[in-house]
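Asker: Below is one structure. I have some questions about it.
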Amino acid sequence: MVRSAVQVCVRTRPTSLFAHQELGISPEERTVDVNIKKNPAMGVVNNIRENFHYKFDKIMHNSSQDTVYHECVSEVVRSVAQGYNGTVLVYGQTGAGKTYTMSGGTGNYKTRGSIPRALQEIFAEVNSRPDQAYTVKLSYLEIYNEALYDLLAPAGVVTDGSNDLQIIEDSKGGISVKGLTLVVAGSEE
């Protein structure tokens, strides 16, 4: 079972324009420090805070897809196999690498993302228990600019965010998305 109900993992991806002066990242201490220089145009009396310190459950700094999966996702998948609900939420600005982290690269097997790795782990677990019957159902939802997109919608169905997908709560307090495609998967393919 997952150690905590919610864990926050940060994946950083340094680029040639990475803000080294403004950001201090310490994966060992699981912290991110943000340092914003005061603007001299604000005058002599400038009480704007310059330094911010954040602590997370895990920080993946320039880490491989495999490391991200094993450090942040695998435990959730194992809990799902034990009958618990599990969610992996990826959040960040456009171009930050969310799709790459979740779906992966198409170039080679090593760069596959968390979704194909999770499916592989789920079906390995199902196949290791031939004495039990399992039904694996999948949905794939993107929320972008407050619009819901069904990424498994049948071919020809327009998923422009203006469809009839609605987030609803049932009488037991469970949350689901009305109208979201749910497919039965017999294998990881």
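The values are calculated or read from the model by the stated rules, or taken from the named source; none is laboratory data. Note that the coordinates shown come from a computational prediction; the quantities given were computed from them, not determined experimentally. Backbone-built Cβ (ideal geometry, glycine too); neighbour counts: all protein chains shown.
A quick yes/no check of all residues on (1) in contact with a helix residue (DSSP H, G or I) (Cβ under 9 Å, 6 or more places away or on another chain); (2) assigned to a loop (DSSP other than H, G, I, E, B); (3) under 20 Å from residue 69 (Cβ atoms):
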position: 85; (1), (2), (3): yes, yes, yes
position: 89; (1), (2), (3): no, yes, yes
position: 93; (1), (2), (3): no, yes, no
position: 117; (1), (2), (3): yes, no, yes
position: 149; (1), (2), (3): no, no, no
position: 152; (1), (2), (3): no, yes, no
position: 188; (1), (2), (3): yes, yes, yes
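Asker: Separate question: Working only within the stretch 93-138, note down all residues that are in contact (Cβ under 8 Å) with a residue 60 or more places away in the chain, under 13 Å from the mean Cα position of the chain (by Cα) and surrounded by fewer than 16 Cβ atoms within 10 Å (Cβ to Cβ).
Answerer: 96, 97, listed by residue number.
Asker: Within the stretch 17-30, is there a residue that is touching a residue at least 12 places away in the same chain (Cβ under 8 Å), among the small types (Gly, Ala, Ser) and assigned to a strand (DSSP E or B)?
Answerer: Yes: the stretch 17-30 contains one or more residues that are touching a residue at least 12 places away in the same chain (Cβ under 8 Å), among the small types (Gly, Ala, Ser) and assigned to a strand (DSSP E or B).
Asker: Looking only at the stretch 148-158, how many residues end up being among the hydrophobic types (A, V, I, L, M, F, W, C) and modelled with pLDDT of 85 or more?
Answerer: 4
Asker: Among the residues of the stretch 127-135, is any in contact with a helix residue (DSSP H, G or I) (Cβ under 6 Å, 6 or more places away or on another chain) and aromatic (Phe, Trp, Tyr)?
Answerer: Scanning the stretch 127-135 turns up at least one residue that is in contact with a helix residue (DSSP H, G or I) (Cβ under 6 Å, 6 or more places away or on another chain) and aromatic (Phe, Trp, Tyr).
Asker: Let me ask something else. From the set of residues in the stretch 50-69 that are touching a helix residue (DSSP H, G or I) at 6+ places or on another chain (Cβ under 9 Å) and assigned to a helix (DSSP H, G or I), which is surrounded by the fewest Cβ atoms within 10 Å (Cβ to Cβ)?
Answerer: Only one residue tops the list, namely 66.
Asker: Another question about this same structure. Looking only at the stretch 159-189, which residues are in contact with an Asp or Glu (Cβ under 6 Å, 6 or more places away or on another chain) and either acidic (Asp, Glu) or at pLDDT below 85 (or both)?
Answerer: 159 - this is the single residue of the stretch 159-189 that is in contact with an Asp or Glu (Cβ under 6 Å, 6 or more places away or on another chain) and either acidic (Asp, Glu) or at pLDDT below 85 (or both).
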